[in-house]
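Down below is the structure, laid out as C-alpha cells.
The values are calculated or read from the model by the stated rules, or taken from the named source; none is laboratory data. All values derive from a computational prediction rather than experimental measurement. Neighbour counts run over all protein chains shown; Cβ positions are idealised from the backbone, glycine included. Just the protein is used for accessible areas: all its heavy atoms, side chains included, with ligands, DNA and RNA removed. Shrake-Rupley method; radii C 1.70, N 1.55, O 1.52, S 1.80 Å.
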Amino acid sequence: MSFFETLAARIESTDSVVSVGLDPDPSRLPEFVADADLPRWAFNRRVIDATHEHAACYKPNAAFYEDADGWRALRETIAYAHGKDVPVLLDAKRADIGNTTRQYAGALDDADAITVNPYLGRDSLQPFLDRAEKGVFVLCRTSNPGGSDLQDLELASGEPLYERVAALADVWNGNDNVGLVVGATAPEELAEVREIVPEVPFLVPGVGAQGGDAEAAVEHGLAPRSNAAVDVGLVNSSRGIIFAGEESSRPGDEATYFGAAGDAAKRLKKRLNRHR
C-alpha cells in the first residue's frame, strides 16, 4: 500500500491522528537509560511501548540521530515501530540538487515518509516524489516564530510565499503521495492553505509544547481520501509526550516516567478526537 493508504488504515484502527515526535535530546534522557548501549534507542523503545496504542505515526527528527550511534538508534527505532504496525515519518527537511538529493532520498529505504524543503525547486524533490509508495511532506507554513520571515513574503501576484508553495506542491503531487507541513500556531493560515489544497493531508506541528490550536489542527489538517473511510492527516506532539514523565509524581521511577508518556498521548488523542 501507499503511505497514505497505510496511514488511513492506522488512523482508523487506533481512532487517532496523533503523531508522536521521537526527539530523544541526550541532555534530557532519564538516568535509567543512561547505561544502555544505545541510550536513545532504549528511550525510544520504552516510549513506543507506552504510546503505540494511541499513535497513528511516529516522527523521529533526524537532528537527534546524526552521529554513528544515533543512526544505529534510529534504525532500531524504525524497525521497532514497524513491529508495532506504526508507520514512521522521518523529519529530515532534506533537499538538494542532482546526485546529492538522490542520496538523501535513500532515507526512504527505511522510513515510510519524510519531510522535505521546497526552496530549491521541483528538481530537488523529484527523487522523493518518484517514490510513489512513500509519503513526502513539503514544508509550507512552519510553526516557529521566525517562519514568517520568508514564508509570509508577498509575491508580485499578491499571494504570500507559503500559499505559492502549497499550490506548487499540489502540482507536484502526480503520485498522490504529497502532504504539507502547516503549523498549528497560525490557525488562520492553516485554514487558508486548506482552501488551496482541499485534498492534501497535512502534518500539523506545534500543538504540544508550542501551544498551537488543536481544534484548527483537526478541522483544517485532515483531508478526505477517496479510498479511505477516515480523513487523513497528522497532528504532532514531541516534547509534550516523550518528556511528560519529567512532570510526573515520581520522575525517578521508570514505570511512572514512561507511563506519563502513554497518558499524555492518550489525552492528546481524546482532545483531538473531540474535533474530528
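Some values worked out for this structure:
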{"item": "Candidate set: the stretch 44-59, residues that are open to solvent by less than 10 Å² (accessible area, probe 1.4 Å) and without any contact (Cβ under 8 Å) to a residue 40 or more places away in the chain; chosen: the one nearest to the chain's Cα centre (by Cα)", "result": "Y58"}
{"item": "Tabulated pairs, the stretch 151-164, first under 17 Å from F202 (Cβ atoms), second among the basic types (K, R), C-beta under 7 angstrom, 6+ apart or interchain", "result": "Q151/R141; Y162/R141"}
{"item": "Exclusive hit being farther than 12 Å from G21 by Cα, open to solvent by less than 30 Å² (accessible area, probe 1.4 Å) and hydroxyl-bearing (S, T, Y), set S238, S248, S226", "result": "S248"}
{"item": "When residues of the stretch 99-144 are limited to those that are touching a Phe, Trp or Tyr at 6+ places or on another chain (Cβ under 7 Å) and of a type in the set (D, E, K, R), the one nearest to Y65 (Cα to Cα)", "result": "D112"}
{"item": "From G262, G233, residue being of a type outside the set (A, V, I, L, M, F, W, C), out of contact with any strand residue (DSSP E or B) (no Cβ under 6 Å at 6 or more places or on another chain), modelled with pLDDT of 90 or more and open to solvent by less than 20 Å² (accessible area, probe 1.4 Å)", "result": "G262"}
{"item": "Residue tally, condition assigned to a loop (DSSP other than H, G, I, E, B), surrounded by 12 or more Cβ atoms within 10 Å (Cβ to Cβ) and among the hydroxyl-bearing types (S, T, Y), over the stretch 130-158", "result": "2"}
{"item": "Residues within the stretch 15-69 that are in contact with a Gly (Cβ under 7 Å, 6 or more places away or on another chain) and assigned to a strand (DSSP E or B), tallied", "result": "2"}
{"item": "For K266: the one exception among (1) basic (K, R); (2) in a loop (DSSP other than H, G, I, E, B); (3) touching a residue at least 12 places away in the same chain (Cβ under 8 Å)", "result": "(2)"}
{"item": "Checklist (1) under 19 Å from the mean Cα position of the chain (by Cα); (2) at pLDDT 95 or above applied to G208, failing item", "result": "(2)"}
{"item": "Residue in the stretch 219-228 that is more than 17 Å from the chain's Cα centre (by Cα), on the phi < 0 side of the Ramachandran plot and among the small types (G, A, S) present", "result": "yes"}
{"item": "Test: residue in the stretch 7-24 that is touching a residue at least 40 places away in the same chain (Cβ under 8 Å), charged (D, E, K, R) and crowded, with 23+ Cβ neighbours inside 10 Å", "result": "no"}
{"item": "Matching entry among D91, D85 (being open to solvent by 40 Å² or more (accessible area, probe 1.4 Å), not aliphatic (A, V, I, L, M) and not in a helix (DSSP H, G or I))", "result": "D85"}
{"item": "Residues within the stretch 109-129 that are of a type in the set (G, A, S) and open to solvent by 10 Å² or more (accessible area, probe 1.4 Å), tallied", "result": "1"}
{"item": "Of all residues in the stretch 87-106 being of a type outside the set (F, W, Y) and in contact with a Lys or Arg (Cβ under 7 Å, 6 or more places away or on another chain), the one that is nearest to L150 (Cα to Cα)", "result": "D91"}
{"item": "Hits in the stretch 159-193 - residues which are open to solvent by 30 Å² or more (accessible area, probe 1.4 Å) and within 18 Å of G212 (Cα to Cα)", "result": "T185, P187, E188, E189, E192"}
